[in-house]
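For reference, the structure is listed below as structure tokens.
Every number in this text was worked out from the coordinates using simple rules, so none of it is lab data. All of these numbers come straight from a predicted model, not from anything done at the bench. With ideal geometry, Cβ positions are generated from the backbone for all residues, glycine too; neighbour counts draw on all protein chains shown.
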Amino acid sequence: MVGYIVKRFFASLLTMFVLITITFFLMHSIPGGPFSPAEERKVPASVLQKMEEKFGLHEPLHVQYVNYLKNLLQGDLGFSFKQLDVSVNELIAQGFPISAKVGLIAIGLALLIGILLGIVSAIKRGKWADWTAMIFATIGISIPNFVLTVLLMFFFCVMFKLLPTYGLTSWKHYILPVIGLSFGPIAYIARLMRSSMLEVMRQDFILTARAKGVPEYRVIFKHALKNAIIPIVTYLGPLVAAMLTGSFIVERVFSIPGIGRDFVSGIGDRDYSVILGLTVFFGVFIIVMNFIVDILYAIIDKRVKIEE
Amino acid sequence: MHSALNKNGDIVVPRESSLVWHDIPDEEFEKLDQSAKQSEVVLRKSKSYWQDAWSRFRKDPLAMAGLVVIVVITLAAIFGPIFSSYSYEDQNIANQNQSPSLEHWFGTDKFGRDIFVRTLYGARISLTIGFVAAGINLVIGVIYGGISGYFGGKIDMIMMRFVDILYGVPDLLYIILLMMFLGNTLESILIALSLTYWIGTARMVRSQVITLKFQEYTLAAKAIGSSNLRILFKHLIPNSMGPIIVTVTFLVPSAIFSEAFLSFLGIGIQVPMASWGTLVNDAIPSLFTQPYQMLFPAIAISITMFALNFIGDGLRDALDPRLKK
């Protein structure tokens, strides 16, 4: 077990390093310097030189790379090229709590509803409840999240004028962004849970429990659920990733001041240092989450064969 | 044969009393009716794996509906713009922001461009991206996963570590970075998708090849001196084609989704070209005033995703019945 954790730990570190390296060199090899904007604004050579010195861009690339790694180790993600004196750390400090709040609510909702739907459709297999849940799940998997988010906005904000369109000031503001983020994952979890539940319900120990006269609700919630829920743990990593990419859409459409929106506006403004910094942040965040999930899974499911 | 060898290798002669068939006198035998043989004859032609799969697929109404929808959308995307009097890039300020009418079935956008034609053009681009990206990923994934799984050992370990490293980070982050680097063209989207999506296919192919390479027919092929590459590409890959096709089918909607997502973020296809993603994205500012501009491309993309997912589900059940829920 300890060997497995150590091994996974170093694998994660290596993944982080590769991600940071790829991101750094891609962002620094994009044609056109960060201070040569498309609008043909003439910048005096001396100003350009000063600015390049400020950001350390006058150094050779490998020196910049080493400096970047050194700063990263101290948790410094650098400054924005476009926004005056705004560091990526500040953007994260401001935006991340907001994104995390919406994301956590969405994760909670996705797990709760997805698991419930999966259980219901597994125990009512072939009945109308199963059909309804699975049609819902197919819709959730098929409709892209940005289409769904825009449609939600259209129906609830434009047509019926029930909910606010932008910002994040009252509980009403959370409803649509959270639905937009969690709809796809709910569908995925429901399908996963259904097939896992059906698999478990076929096992002998369920028959034994029923034969002993254990009430049906206890068979389902105590005996079956405990085993059926294990595959859901493997989805937690992708779930966090889905929240992250979903936030690019949802925060943009609903004007939520989170880091997803910062990332998207960074793309729009070609603010390479912000894109670099946020990609590294997102990447490291997800790699850490995957690491935790892997360990969790090995602890929960003793049957997972850990190769030595 | 009325004698046999026992486990010590001695010849065992059965006792006199036991009746052996050649002890029965000939007249005791009776000729069977020849028609009894008929029951042994195979009347129907035996079905190949693919015919069997097709007959299963045909019985799945959702999958067939999906197939029909995709064929119709593909034909409309290829031939539709030819028969329309509008072009996807012609601007007409006099006609801007018109609601859907007989003249313009889906209305016009803020430059007076016909949204129906633009949606059909979007279908061309989105479907091209979906199928070409899936095709490229099929080739890369099969070669990479096949080599890794078949040769095993050190090669496998190195190749799979590399895949594991890439696997840890969401595709979309890589794709966004690559798009920033490559610029907004159709080719760069295809390159970006090709560089990331093959990972899942490669893993799947590898596990298939590993299970198949210990089968007898692989041993037989080796025994008659087939080369490694021949065994891999003539025997192992064709035998794992079912699961491979299923994986690749699901890649088509993912690729279409990724392109639309990129376009939605403003780093996909560039104007005046349009994909479904850019059409939805362009319509957001006018969502409150001209919602139809967003509605039609959004419906088009959703229906396509539905159809492709149904086809994928149907193919999975048809090609790999063991996986059937």
Given charges at beta-carbon only (K, R positive; D, E negative), |dipole| of region B:61-323 in Debye: 960
Residue-averaged beta-carbon neighbours from other chains (10 angstrom radius) around B:159-169: 5
Contact order relative to length of region B:105-262, as percent, for alpha carbon pairs under 8 angstrom and 6 or more apart: 36
Residue-averaged 222 nm ellipticity for chain A, from DSSP H runs of 4+ at -39500 (n - 2.57), nearest 500: -23500 deg cm²/dmol
Over region A:168-308: Rg over Rh, Cα atoms, Kirkwood Rh: 1.12
FRET efficiency estimate (nearest 0.05) - Cβ-Cβ, A:LEU162 to A:LEU225, R0 35 angstrom: 0.50
Region A:141-172 residues near the modelled A:ILE105 label - backbone nitrogen below 17 Å, point 7 Å along Cα→Cβ: A:149, A:152-153, A:156-157, A:162-172
Likely footprinting exposure, B:SER207, A:SER142, fewest C-beta neighbours within 10 Å first: B:SER207, A:SER142
Neighbouring partner chain Cβ atoms per residue of B:257-268, average, 10 Å criterion: 4
For region A:65-131 and region A:153-188, distance of Cα centres in Å: 17
Percent of C-alpha pairs per 20 Å bin, chain B, short to long: 24, 40, 21, 10, 5, 0
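Quick test of the membrane-span-like rule: which DSSP H helices of chain A reach at least 20 Å along their long axis (C-alpha atoms) with mean Kyte hydropathy at least 0.0?
Working: long enough: A:2-28 (39 Å, 1.66); A:88-123 (49 Å, 1.87); A:128-142 (21 Å, 1.05); A:171-201 (40 Å, 0.78); A:230-253 (34 Å, 1.44); A:272-300 (41 Å, 2.31).
Span-like helices in chain A: A:2-28, A:88-123, A:128-142, A:171-201, A:230-253, A:272-300.
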For region B:202-325: relative contact order, % (alpha-carbon pairs under 8 angstrom, 6 or more apart): 22
Helix-derived mean residue ellipticity, 222 nm - over chain B, DSSP H n ≥ 4, -39500 (n - 2.57), to 500: -20500 deg cm²/dmol
Inter-site label distance for A:ILE299 and A:VAL66 at 7 Å from Cα along Cβ, in nm: 4.0
Descending semi-axes in Å of the protein assembly as shown, equivalent ellipsoid built from Cα gyration tensor: 53, 32, 28
Amide H partners (placed H, <5 Å) of A:SER87, local residues excluded: A:SER80
Span-rule helices in chain B, defined as complete DSSP H runs reaching 18 Å or more along the axis (Cα) with Kyte mean at least -0.5: B:61-83, B:115-151, B:153-167, B:186-212, B:241-264, B:292-319
Cα-based Rg / Dmax (Å) for chain A: 23.9, 86
Mean separation of Cα contacts under 8 Å (6+ apart) over length of chain B, as relative contact order %: 23
For region A:100-258, the Rg and Dmax computed from alpha carbons only, in angstrom: 17.9, 57
All-pairs alpha carbon distance profile, region B:172-325, 5 Å steps from 0, percent: 2, 8, 14, 14, 14, 13, 11, 9, 6, 4, 3, 2, 1, 0, 0
Stokes-Einstein diffusion coefficient of region B:126-236, Kirkwood radius over Cα pairs, 37 °C, 0.692 mPa s, in µm²/s: 215
